[in-house]
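Working notes, structure below.
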């Protein structure tokens, strides 16, 4: 099997497909990079291949992978997520106002995008922490908290939101959306911004990976 990382051939003699992928990831990690694309004979690798499932262990003649600078990639993800949190806070306040003026149907319709955005925010945190080999409890946040505490607080508030929604308690639901989740949006933004600034090469990121 021929194995390439960013057009550079790697020597991985007699390797199985999982071993070859592991070798590529290790080579990328040693260069401060993260594998972002895996092609098997020119076709994108399936989930079975990437997760080393038996169904994915087909014969492959060429494994070609593309990587990105880890710091630059994470910095971009965190920047995008901070911007998303600013928009999320705006959307949550708007939903709360709709509840208060009696536009309940419109307010309820706006909840799904809010929940979806929070899911993506949390997934970004988890992916960045994994890529940086950090535990959530090691990432500082506001008021002597850490990312793990903020994640637990988010889960608790989203559970309350769903409970009030199921019970038709729209006043309580509006309070969660317009107050609790807006406070959390600010706390999460500060935490993610702090993680962004703590990345190697400083807060600007302009020279990251240079």
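Side notes on the structure shown:
- Contour excess over end-to-end distance, with Cα ends at residue 167 and residue 197 and 0.36 nm allotted per residue: 6.6 nm
- Among 87, 51, 187, residue whose mean-square fluctuation peaks in a GNM of the chain (springs only between Cα atoms under 10 Å): 51
- Sorted largest first, the principal axis extents computed over the alpha-carbon atoms of the range 2-69 equal 31, 23, 18 Å.
- Comparing mean-square fluctuations of 89, 19, 141 from a GNM of the chain with C-alpha springs under 10 Å, the top value falls on 19.
- Inter-probe distance in nm under a simple model that places probes 7 Å from Cα toward Cβ, at residue 105 and residue 37: 4.6
- 0 to 90° range, to nearest 10: angle between helix 70-100 axis and the chain longest Cα axis: 20
- Given in Å, the Rg to one decimal and the Dmax to the nearest whole number for the Cα atoms of the chain are 21.5, 68.
- Per-residue extension of 0.36 nm, minus the Cα-Cα distance of residue 97 and residue 119, leaves a gain of 5.6 nm for this segment.
- The angle separating the long axis of helix 147-167 from the principal Cα axis of greatest extent in the chain is about 50 degrees.
- C-alpha long axis of helix 17-30 to longest principal axis of the chain, angle in °: 70
- Helix-only [θ]222 nm of the chain, DSSP H runs n ≥ 4, -39500 (n - 2.57) each, per residue, nearest 500: -18500 deg cm²/dmol
- The order of 176, 171, going from fewest to most other C-beta atoms within 10 Å of their C-beta, is 171, 176.
- Taken over the C-alpha atoms, the range 72-197 has Rg and Dmax values of 14.9, 47 angstrom.
- Applying 1/(1 + (r/R0)^6) with r as the Cβ-Cβ distance of residue 127 and residue 159 and R0 = 22 angstrom yields a FRET efficiency of 0.45.
- GNM on the chain, alpha-carbon springs under 10 angstrom: the most fluctuating residue among 68, 45, 186 is 45.
- Each peptide in 103-111, 33-41, 191-199 gets a packing score, the mean of other Cβ atoms within 10 Å over its residues, and the list from highest to lowest is 191-199, 33-41, 103-111.
Laboratory data are not the source of any read-out in this text; all were calculated from the coordinates shown. Everything numeric in this text was worked out from a predicted model, so none of it was measured. As a convention, Cβ positions derive from the backbone with ideal geometry for all residues, glycine included, and neighbour counts pool all protein chains shown.
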